[in-house]
Amino acid sequence: MINTINPTIQERQRPVAVSYEASFVRNNIATCHVLFVGQSVFVQEMYKQQLKKRFNFYNSIWQSETIFSSSISEITNNSAYRSIIGLGQEVLPFIIDDLKNNDNHWFYALEALTGKNPIKENHKGVVPLMKKDWIEWAKENNLTDEN
Amino acid sequence: MRIEFPPFPNSKIDPFLVTSPQTAHYNCIAWAFGDSTKWYWPDSANYYFWPNEIPREEKIESFIELFRLIGYEVCKNGELEPDYFKVAIYADKFSKPTHASRQLVNGYWTSKLGQHFDVTHTIFSMKDGSYGNVAVFMQRKK
């Protein structure tokens, strides 16, 4: 039975209309989740693998749907490309790796995810040099293994 | 190598002839313009090559201006005329530019297919495909 006249510190901290027991369980679940996802190398690796799979999946769709296109707006407005951007900054290392090995048009996605544009004025449209500028930027910002 | 592509239904009847390795270093506009070192496109974010003196707009008029820079003028058709070089600018059903081809001396056309390879083809083989159709032909004196 909760003493409503002189509540304990725990009782004062928990939200209104949540029982002490429910609050206890909820806090423990949150703590377990943080500990499990945040500190488990296994889970982090598993998450990274799943993200890589999703990246590869969308990337292959993007490639197949835009291979014949010259239009940059068509290439970068493709829904699979947008989905890759939607995966967030954690896909940046995958994009940089792909960029090292291919000439894919990742430049819009890179800017969308980083807010940066390291491409030099006289490199516009010269895909190998645009790649070079971004790969150098990635090295400087520790987004690639080659530092 | 003669090849057909589903995005171009007529290529089943009149196949393309592949004439280069696959590369994404240049696109159809650059190839028709005569440059195989850059990707030409008037993208709004200003990432790709587009001459400063031409409006950076995805409109047929901008593409016509691009080819005017090297002496092309709008003409009636894409028939082979020995004294003229010709290019064809393609657009989709919304009149949005999609592609450009350059005529060869034998009357066939050469195109770079996006990030794919270069092909030799006829106007018919590309007709009603994923690039739509020819919106304008342009020519310049040899």
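The values are calculated or read from the model by the stated rules, or taken from the named source; none is laboratory data. Keep in mind that this is a model prediction, so the values were computed, not measured. Don't worry about glycine lacking a Cβ; one is built from the backbone with ideal geometry, like all the others, and counts go over all protein chains shown.
Just a few scattered comments:
- Of the helices (runs of 4 or more DSSP H) lying entirely inside the range A:74-147, those containing at least 1 residues that are more than 18 Å from the chain's Cα centre (by Cα) and either β-branched (Val, Ile, Thr) or in the same structural domain as residue A:60 (by TED's automatic domain parsing) (or both) span A:92-101, A:127-140.
- Scanning the range B:37-63 for residues that are part of a loop (DSSP other than H, G, I, E, B) and either in contact with a Cys (Cβ under 8 Å, 6 or more places away or on another chain) or of a type in the set (Ser, Thr, Tyr) (or both) gives B:37, B:44, B:47, B:48.
- Among the residues of the range A:100-123, the one identified as surrounded by fewer than 18 Cβ atoms within 10 Å (Cβ to Cβ) and at the interface with another protein chain (Cβ under 7 Å from one of its Cβ atoms) is A:103.
- Taken together, A:71, A:60 contain a single residue that is closer than 26 Å to residue B:99 by Cβ, in contact with a strand residue (DSSP E or B) (Cβ under 9 Å, 6 or more places away or on another chain) and modelled with pLDDT of 95 or more, which is A:71.
- Taking the range B:1-19 as the range and being within 14 Å of chain A (Cβ to nearest Cβ) and among the charged types (D, E, K, R) as the test, only B:4 passes.
- Residues being farther than 30 Å from residue B:63 by Cα, surrounded by 13 or more Cβ atoms within 10 Å (Cβ to Cβ) and modelled with pLDDT under 70 are entirely absent from the range A:38-45.
- Every residue from the range B:20-36 that is within 19 Å of residue B:86 (Cα to Cα) and either part of a helix (DSSP H, G or I) or at pLDDT below 95 (or both): B:28, B:29, B:30, B:31, B:32, B:33
- Here is the figure for the range A:68-99: residues that are of a type in the set (D, E, K, R) and within 14 Å of chain B (Cβ to nearest Cβ) total 2.
- In the range B:20-55, the qualifying residues are those that are touching a helix residue (DSSP H, G or I) at 6+ places or on another chain (Cβ under 6 Å) and away from chain A (no Cβ under 11 Å), and the one that is surrounded by the most Cβ atoms within 10 Å (Cβ to Cβ) is B:54.
- Criterion (in contact (Cβ under 8 Å) with a residue 24 or more places away in the chain and surrounded by fewer than 20 Cβ atoms within 10 Å (Cβ to Cβ)) met by exactly one of A:144, A:76: A:144
- The listed residues are B:4, B:79, and the only one of them that is modelled with pLDDT of 95 or more and surrounded by fewer than 18 Cβ atoms within 10 Å (Cβ to Cβ) turns out to be B:79.
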